[in-house]
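Note sheet for the following structure.
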């Protein structure tokens, strides 16, 4: 499994007979972020956003630290968390295991995946990577794992049998390309620009824009309340983005926009999981 799953798949929808009682006028909202694994990290990176969100929604916002994506899903199920900020891959996992819904999507400029090879390589197309090794970042990473695999899928390659993937992290994957351990590298456009020279390691392919990050709303919240706060966040996005980029490690959101989220935008991630034989994982 790509993640250790500690909670079961949700068995009913918002309208199901076992759906939780909706809280129409919550006095506070508890906020989790799937990549901020401690209260200290939440405060360092997301305190300005928390204050902005509190001002926009007119509701007290409290941080709720979670250890990982599975813990976030469990906390949403158990009514311990009301809102969770998640990356695209994390959203797909959460959606598969809870009745939580996507509220807003936060776009990320230049959020693409790239596959590159050494300039000296004889490989000039993605199809020529069959039988070769590709160095990728972290398991489950949208830009450093799933995005590059989607490019290979679109080129007609089977990521399970046609190519060897080396999951080496950001720095390790770059090193593997440079020292010849891997025939190709796949990762984010930002990492490509930072760590690789286009003249020495030309890009074979660049993906379409990857799905946006998502603010997920618990199914314990009334649907009309979720609709209201979604509209408020979209209408006041400039204030929220200003707060979001003011954190210590949140500059990736510079130039972002907030839009209403569409679940179908994340089907490309589901397609990759299916191709990896992990379809049951996201059902």
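The values are calculated or read from the model by the stated rules, or taken from the named source; none is laboratory data. All figures in this text were calculated on a predicted structure; none of them were measured in a lab. Cβ atoms come from the backbone with ideal geometry, glycine included; neighbour counts cover every protein chain shown.
Got at least one residue in segment 241-255 being crowded, with 22+ Cβ neighbours inside 10 Å and in a strand (DSSP E or B)?
no
Pick from 96, 67, 71: which is in contact (Cβ under 8 Å) with a residue 24 or more places away in the chain, farther than 22 Å from residue 229 by Cα and in a loop (DSSP other than H, G, I, E, B)?
67
Need the failing condition index for residue 96 against (1) out of contact with any strand residue (DSSP E or B) (no Cβ under 6 Å at 6 or more places or on another chain); (2) more than 30 Å from residue 77 (Cα to Cα), just the number.
Here residue 96 clears every test but (2).
Taking the options 125, 121, 89, 143, name whichever one is buried (at least 23 other Cβ atoms within 10 Å of the Cβ), touching a residue at least 24 places away in the same chain (Cβ under 8 Å) and within 17 Å of residue 204 (Cβ to Cβ).
Going through 125, 121, 89, 143 in turn, just one is buried (at least 23 other Cβ atoms within 10 Å of the Cβ), touching a residue at least 24 places away in the same chain (Cβ under 8 Å) and within 17 Å of residue 204 (Cβ to Cβ): 143.
In the same structural domain as residue 54 (by TED's automatic domain parsing), out of contact with any helix residue (DSSP H, G or I) (no Cβ under 9 Å at 6 or more places or on another chain) and either under 17 Å from residue 221 (Cβ atoms) or crowded, with 23+ Cβ neighbours inside 10 Å (or both): does that describe residue 99? Before you say what the answer is, go through the steps one by one.
On the way: in the same structural domain as residue 54 (by TED's automatic domain parsing): yes; out of contact with any helix residue (DSSP H, G or I) (no Cβ under 9 Å at 6 or more places or on another chain): no; either under 17 Å from residue 221 (Cβ atoms) or crowded, with 23+ Cβ neighbours inside 10 Å (or both): yes.
So residue 99 does not fit the description; no.
Would you call residue 182 touching a strand residue (DSSP E or B) at 6+ places or on another chain (Cβ under 7 Å), under 27 Å from residue 139 (Cβ atoms) and part of a loop (DSSP other than H, G, I, E, B)?
The answer is yes for residue 182.
Name the single residue, out of those in segment 156-172 being in contact with a helix residue (DSSP H, G or I) (Cβ under 9 Å, 6 or more places away or on another chain) and part of a strand (DSSP E or B), that is farthest from residue 183 (Cα to Cα). Walk me through how you get there before you give the answer.
Residues of segment 156-172 that are in contact with a helix residue (DSSP H, G or I) (Cβ under 9 Å, 6 or more places away or on another chain), as a first pass: 156-160, 162-163, 165-171.
Going one step further and asking which of them are part of a strand (DSSP E or B), we end up with 165-167.
On the way: 165: 10, 166: 11, 167: 14 Å.
For segment 156-172, the residue satisfying everything is 167.
Take the residues in segment 256-279 that are in a loop (DSSP other than H, G, I, E, B) and touching a strand residue (DSSP E or B) at 6+ places or on another chain (Cβ under 9 Å); name whichever of them is surrounded by the most Cβ atoms within 10 Å (Cβ to Cβ).
By that ranking, first place goes to 261.
Quick check on segment 188-204. Is at least one of its residues crowded, with 23+ Cβ neighbours inside 10 Å, touching a helix residue (DSSP H, G or I) at 6+ places or on another chain (Cβ under 7 Å) and at pLDDT 95 or above?
Yes: segment 188-204 contains one or more residues that are crowded, with 23+ Cβ neighbours inside 10 Å, touching a helix residue (DSSP H, G or I) at 6+ places or on another chain (Cβ under 7 Å) and at pLDDT 95 or above.
Limited to segment 185-227, what total is found for residues that are in a strand (DSSP E or B) and under 19 Å from residue 110 (Cα atoms)? Show your work before the answer.
From segment 185-227, those in a strand (DSSP E or B) are 185-188, 203-206, 213-217, 221; that's our starting set.
So of that shortlist, the ones also under 19 Å from residue 110 (Cα atoms) come out as 185-188, 203-206, 213-214.
So the count comes out to 10.
Every residue in segment 105-155 that is modelled with pLDDT under 95 and part of a strand (DSSP E or B), please.
Correct list: empty.
Could you please find all residues in segment 203-255 being touching a strand residue (DSSP E or B) at 6+ places or on another chain (Cβ under 7 Å) and within 30 Å of residue 124 (Cβ to Cβ)?
203, 204, 205, 206, 207, 210
How many residues does segment 210-260 contain that are free of Cβ contacts under 8 Å to residues at least 60 places away in the same chain and within 18 Å of residue 32 (Cβ to Cβ)?
Adding up the residues that qualify gives 0.
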